[in-house]
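I have placed the structure first, in the form of structure tokens, so that the comments after it can refer back to it.
The numbers here are math on the coordinates, done by the rules we state, and not lab data. Quick caveat: nothing in here was measured; it's all calculated off a predicted structure. Virtual Cβ from ideal backbone geometry, glycine too; neighbours counted across all protein chains shown.
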Amino acid sequence: MAEFEPQIIAFTCNWCTYAAADLAGTSRIHYPANVRIVRVMCSGMVNPMYVFKAFESGADGVIVAGCNYTDCHYIDGPVKCDAMFARLKKMVHVLGLEEERLRREMISTSEGVIFARVVEEMVEQLKKLGPSPFKIKMETLA
Amino acid sequence: MNLEDIIQETKTYYCLECGKCSSLCPISRYDPQYSPRVMVENALLGLEDEIVYNKKLFSCLTCYTCQLKCPSDVDYPLFIQKARVLATAAGQHGDYAHSGTLQSIAMLMARSPLKQNRLEWLKKDGYRTSEKSDVMLFIGCSPYFEPVFEDIPMRTLNIAEASLKVLNSLGIEPLVHPDERCCGHDALWMGDVETFKKLAEHNATVIKESGVKKVIFFCPECYRTFKLDYPNYVKLDCEVMHISELLAQRLETEGLRFNEVKRKVTYQDPCRLGRHLGIYDAPRKVLQAIPGIELVEMEHNREESICCGTSCFTNCDSYSKQIRVERLLEAKATGAETLITSCPKCQTHFRCAMVNKGEEKGPDIEIELMDLVNLVATSLGG
Amino acid sequence: MEEVKIGVYVCHCGLNIAGTVDVEEVAKYAATLPSVVVSRDYRYMCSDPGQDLIKNDIKEYVLNRVVVASCSPRMHEPTFRNACQEGGLNPYLYEHANIREHCSWVHDDKKINTEKTKDLVRAAVKRVYHHEPLEVKEAPVNPNVLVVGGGIAGIQAALDIANGEKRVYLVEREPSIGGHMIQLDRTFPTLDCSECILTPKMADVGHHPFIELLAYSEVEEVSGSIGQFKVKVRKKARHIDESKCVGCGICEEKCPWKVPSAFEMGLAMRKAIYIPFAQAIPNLVTVDPDLCVYIQSNGKKCGACIKFCEAKAITPETLLNQTDQIIELEVGSIIVATGYDQFDPSVIPQYGYGKYDNVLTGLQFERMTCAAGPTGGKVLLKDGREPESVAIIHCVGSRDQNYHEYCSRVCCMYGLKYAHLIKEFTKADVYEFYIDMRCFGEGYEEFYKRLSEEGANFIRGKVAKVTDQAVTEEEKGKLIVVAEDTLLGRLIRVPADMVILCAALEARADADKVASLFTLNRRADGFFLERHVKLDPVATPTDGVFIAGCCEGPRDIPDTVAQASAAAAKALSLISKGKITLESAIASVDETRCIGCGRCEEICTFHAPKVISKNGVMVSEVNETLCKGCGACAVVCSTGAMLIRHYKPEQILSQVAALTEVL
Ligand SMILES: Cc1cc2nc3c(=O)[nH]c(=O)nc-3n(C[C@H](O)[C@H](O)[C@H](O)COP(=O)(O)OP(=O)(O)OC[C@H]3O[C@@H](n4cnc5c(N)ncnc54)[C@H](O)[C@@H]3O)c2cc1C
Ligand code: SF4
Ligand code: SF4
Ligand code: SF4
Ligand code: SF4
């Protein structure tokens, strides 16, 4: 059987992490193709529901990434994102989701290398963990 | 099931078009675009699209106010439940409150095999539970509600903890199951029968394997679902009971003793416990058995009671808010210090109505809210 | 709803994409997706023929949605939106898939890349389905400008704008404009006299027909947004009749009450009624109500000034009953130029500031060498003697983890300036204690070289302490500066009569208040944050608010002036355009869904949503000129009433679901 290839959804803010991923591109920094990026304007825009939807649809891991505290285009988006993320983590924790499947990152415009590294690292971790528990549908009796 | 079948099953064809439902419906009172009568008429005219693609289909609280007064005994809430199945099949859904996270959590719970961490709150205190008990306390979604409603603030696990405390002091060390799932109430009423069935089957299996004879609920929605809906889908060989019923029963059989709690209270009948299941007396009996408690009724009580205004975390809107404001003003008008309810969701929605973070303020609707079991736990506690 | 018809365009980007992605296959695949009516691949989509493809297809296939899969949207989204618009389609009915930076350039397996590209295209198609046309709105710009702070930065900015014949309101907190620069004696590296170059500019400000100077005033409230700010200014009572005062100063001469002068850095006294310095603009006296005995005794004592003022500018009425005035202004943009504070070296007890009389700060020394200053320009010890040796300590509070990590940028240079002045005015030996000499500006290194030749002693080492505990005969009666000379690797003790501390420049003590007033951000070091450190250094995250000078961080006068002119240019370009394009992808409230809880109002950093009562129902309303579309409000809105246009749940969720869709 082919090796398990995890699917990762990354929500990245337009101004920093999305740009960092662009920079990884222009600098031709190679990283695994397992990640799909969703552009949002600000990490503070990420709704817990986006993350749930990703898992619901079969993602094995999710990254929520945006600016550092000091370079937010909207002043304090990352702080708001942190608050959302803390709540989200509590919810998925009760569901029994492994911690490694959900990452909060701050990657600034110039950190293409870091973006690539984060993806690499996560792919490796997820390969060890195997598919997300939410991928497995329950059998219906009826 | 098609529209025709639904009309048959819910006796909608008896409708006299008298409009009584619309005049009693709490939603219709505020939302000019919502009318149960028109919905029924459209069904009878065979205008399926008018029903299936109507967002207002998801506004009904399924509170059963209309059904109880309908001269033709049309089961409108059931009609709504079934019609939503059609809508769901057509890719329609209501406007989710909380961005749909609660719906999503229920859906994810319908996927196996989860290693939920739903009982961490149990580790905290010296509650007594037993894996071998023949009584089970159903916790439901409370562990999930906590982080969702952090900012309201609403601590649903408080109610779970109080229930456990109450059971312990009645000499019951119940089973609290780590692999319980959502009862499926919201999924069922929102037309997502697929998810509902999976959850029901899972819960039935878990209960069967644990060998318990009785399941106790502090949430009237879970209770109603187990009592009235599960039998249509799964086999459940055990007794189910709301904790207020258990308490009322013990009052009679054992003459429970409570410590004095001086407080003037009023009581909100949850739709599921009240109109759905006809349990009005049990909670009142319990309240009256606590020395020092003065129970005053709101203008609308028992069968006439007004719903807390939101159901299934869907179509929570300005009309829903107005219903809640109306109800809270009614509670305040009694002069009670505390509004008691025996449904965690009623409490959540009422508390949410009091969230008032803007500078400009609306009417003053602040009142203390408490679940019946929390009150009982206080008066039992030494 | 009209039927959705989507056109998909997959770009080769030469071989940049086509090299590692089978673009033809992707285009074929896209054609199979629901609602896609035309799907093409093309060598360079951004070229004119590429854009023409889109424009023609919009007509031919009656497209109402367009997806381009190419490079980063940060590069070409505007290009293709524009093409849509030219083709007659609302630019927001467009979606972009980034298959170059995020795919073809970063992964090398062509098969995998092709699959990933299909995912990205599919997600874009699903998302574009839910797009709605958005109106691009414009708002007019009020041509008046507010400048806050009348140091050299504020003065320069105000003059640049006013010379362009646009109205400027210049608000200065102190009785006179001038800021720190007017306290300086001579300015490095040219050593031209600060007063001589600044006072003409101050005078220009005073009588410029396009500048309204509001000195002794502070901004109290700012509302509105770019193009249309509303500002409330408190003009503090000077307790004199400003229209009558001629600034003769007779009152000051006669007033018997004194306190140490802030302008003279405590080296001289000023009266209860005073003009801070001779060339003050506006040239008016100000009464210090806390010190004025007439005011304090409620008119029972003193009153000397009333008697002596020939112009009748001071009366019992002005002294006892004059109150602050609130002035309301309307401006289109704001320049904040509130400058810096000098670091208080007494928090470093080892340096003995405040303990030993002859330990001075830089600004005190500036006053001392100034001909119009408290010593008449003489370098004197407290006891009136001339010093025989002077130690100058660099980096006091700068480049120090315990105080400020940053370099204050001007201290090395003014330290050198002092060495030169001491050599010029006295016969004293000069010792400069430095960590690194930073002489980066025009003529600065040359100045350093010149000073080395003038015979100043340079000691590389951070001073450990300044003490009066002599151990040798030679040290008796002197201050001893203890340091390691790191070049010699030896502990040294240098006896000095006078020690000058090159204290750091730090953010104003009230920077937090000013920041919240103008919705500015502060860096960890406390200074105001620019929008982009390299490419947008005078703009801030708040549109229409600019910053200049030392409020953004320590800098010298040339840099301050350059920034001030840059900020003025920004304000002028805004005025010259006359209108602003409002962000279209912003928040809007579905009133029937709103429960008026105010969560949105609470979380919004830009104060855009407000819950108000409409027909007795509490609902939120978004001020569209304030909203930036950050989306924070929609996350906390529990009902889903708050929606961010172009980022509505169905738009994002359909994209997310499509990305993981298992085929
Ligand atoms: C000891 C010393 C020597 C120096 N020597 C030199 C030199 O030789 N050459 C050189 O190039 N640079 C020198 N500098 C640096 C120079 O002082 C600064 O570059 C320059 O003064 C910065 O001007 P500014 O307008 O930004 O700030 P400031 O001069 O601080 O002016 C700010 C103004 O804003 C006003 N203000 C503050 N807050 C408010 C408010 N809330 N509302 C209204 N008004 C407000 C203040 O009263 C002040 O008038 C020296 C600095 C020091 C400390
Ligand atoms: S069930 Fe309740 S909300 Fe629904 S129509 Fe009847 S009265 Fe109205
Ligand atoms: S009332 Fe209930 S459903 Fe509505 S926002 Fe509040 S908690 Fe959510
Ligand atoms: S989108 Fe951001 S800026 Fe706009 S109202 Fe919401 S929180 Fe405020
Ligand atoms: S958060 Fe949502 S429901 Fe609450 S006031 Fe704002 S828009 Fe209305």
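Yes/no matrix, rows are residues, columns are (1) near ligand 5 (Cβ under 10 Å from one of its atoms); (2) facing another protein chain (nearest Cβ under 9 Å):
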site	(1), (2)
C:582	no, no
C:587	yes, no
C:592	no, yes
C:597	yes, yes
C:606	no, yes
C:631	no, yes
C:634	yes, yes
C:659	no, yes
message: List the residue pairs whose Cβ atoms are under 7 Å apart, where the first residue sits in region B:331-353 and is on the phi > 0 side of the Ramachandran plot, the second is surrounded by fewer than 24 Cβ atoms within 10 Å (Cβ to Cβ), and the two are 6 or more positions apart or on different chains.
response: B:335/B:264; B:335/B:296
- prompt: If you scan region C:390-414, which residues turn out to be closer than 15 Å to residue C:365 by Cβ and touching an Asp or Glu at 6+ places or on another chain (Cβ under 6 Å)?
  reply: C:392, C:410
statement: Going through (1) part of a strand (DSSP E or B); (2) more than 8 Å from chain B (Cβ to nearest Cβ) one by one, residue C:618 fails only at (2)
query: Which residue, of C:547, C:557, C:586, is closer than 28 Å to residue A:66 by Cα and under 24 Å from the mean Cα position of the chain (by Cα)?
result: C:547
query: So, in region C:615-630, of the ones that are away from ligand 4 (no atom under 12 Å from the Cβ) and touching a strand residue (DSSP E or B) at 6+ places or on another chain (Cβ under 8 Å), which residue ends up nearest to residue C:91 (Cα to Cα)?
result: C:619
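For region B:308-321, check the following and say yes or no: at least one residue is assigned to a loop (DSSP other than H, G, I, E, B), of a type in the set (S, T, N, Q) and in contact (Cβ under 8 Å) with a residue 12 or more places away in the chain.
So far as region B:308-321 goes, yes, one or more of its residues are assigned to a loop (DSSP other than H, G, I, E, B), of a type in the set (S, T, N, Q) and in contact (Cβ under 8 Å) with a residue 12 or more places away in the chain.
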- prompt: Is it the case that some residue within region C:145-152 is more than 14 Å from chain A (Cβ to nearest Cβ), under 30 Å from residue C:91 (Cα atoms) and in a helix (DSSP H, G or I)?
  reply: no
message: Among the numbered criteria (1) in contact with a Pro (Cβ under 6 Å, 6 or more places away or on another chain); (2) under 30 Å from residue C:376 (Cβ atoms); (3) of a type outside the set (Val, Ile, Thr), which one does residue C:418 miss?
response: (1)
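Regarding residue A:122, is this residue under 14 Å from the mean Cα position of the chain (by Cα) and under 30 Å from residue C:542 (Cα atoms)?
Values: under 14 Å from the mean Cα position of the chain (by Cα): yes; under 30 Å from residue C:542 (Cα atoms): no.
So residue A:122 fails the test.
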query: residue C:85 is checked against (1) part of a helix (DSSP H, G or I); (2) away from every other protein chain (no Cβ under 14 Å); (3) touching a residue at least 12 places away in the same chain (Cβ under 8 Å) and fails just one. What number does that condition carry?
result: (3)
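Residues that are out of contact with any His (no Cβ under 6 Å at 6 or more places or on another chain) and over 12 Å from residue C:396 (Cβ atoms): list the strands (runs of 3 or more DSSP E) wholly contained in region C:325-370 that include at least 2 such residues.
Working: elements: C:325-331, C:333-336, C:340-342, C:359-361.
Strands (runs of 3 or more DSSP E) meeting the threshold: C:325-331, C:333-336, C:340-342.
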query: Looking only at residues in region A:35-48 that are part of a helix (DSSP H, G or I) and either in contact with a Pro (Cβ under 7 Å, 6 or more places away or on another chain) or at the interface with chain C (Cβ under 7 Å from one of its Cβ atoms) (or both), which one is surrounded by the fewest Cβ atoms within 10 Å (Cβ to Cβ)?
result: A:45
- request: Looking only at region B:322-361, count how many residues are within 14 Å of chain C (Cβ to nearest Cβ), in a helix (DSSP H, G or I) and more than 18 Å from the chain's Cα centre (by Cα).
  value: 5
query: Does residue C:622 count as within 16 Å of ligand 3 (Cβ to nearest atom) and of a type in the set (Val, Ile, Thr)?
result: no
- prompt: Looking at region A:23-32, is at least one residue outside any loop (DSSP other than H, G, I, E, B), more than 7 Å from chain C (Cβ to nearest Cβ) and over 14 Å from the mean Cα position of the chain (by Cα)?
  reply: yes
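Taking the condition within 11 Å of ligand 4 (Cβ to nearest atom) and in a helix (DSSP H, G or I), does residue C:633 pass? Write out each step before concluding.
On the way: within 11 Å of ligand 4 (Cβ to nearest atom): yes; in a helix (DSSP H, G or I): yes.
Yes; evaluated as a whole, the condition is true for this residue.
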- prompt: If you check B:115, B:124, which single one turns out to be free of Cβ contacts under 8 Å to residues at least 24 places away in the same chain, surrounded by fewer than 23 Cβ atoms within 10 Å (Cβ to Cβ) and in contact with a Pro (Cβ under 8 Å, 6 or more places away or on another chain)?
  reply: B:115
message: within 18 Å of residue B:9 (Cβ to Cβ) and hydrophobic (A, V, I, L, M, F, W, C): is that true of residue B:38 in this structure?
response: no
- line: Out of (1) more than 18 Å from residue C:119 (Cα to Cα); (2) free of Cβ contacts under 8 Å to residues at least 60 places away in the same chain; (3) part of a helix (DSSP H, G or I); (4) of a type outside the set (Asp, Glu), the one residue A:54 does not meet is (1)
query: Is it true that residue A:87 is at the interface with chain B (Cβ under 8 Å from one of its Cβ atoms) and either free of Cβ contacts under 8 Å to residues at least 12 places away in the same chain or under 18 Å from residue B:116 (Cβ atoms) (or both)?
result: yes
query: Among the numbered criteria (1) within 16 Å of ligand 5 (Cβ to nearest atom); (2) touching a Pro at 6+ places or on another chain (Cβ under 8 Å); (3) of a type in the set (Lys, Arg), which single criterion is violated by residue A:80?
result: (2)
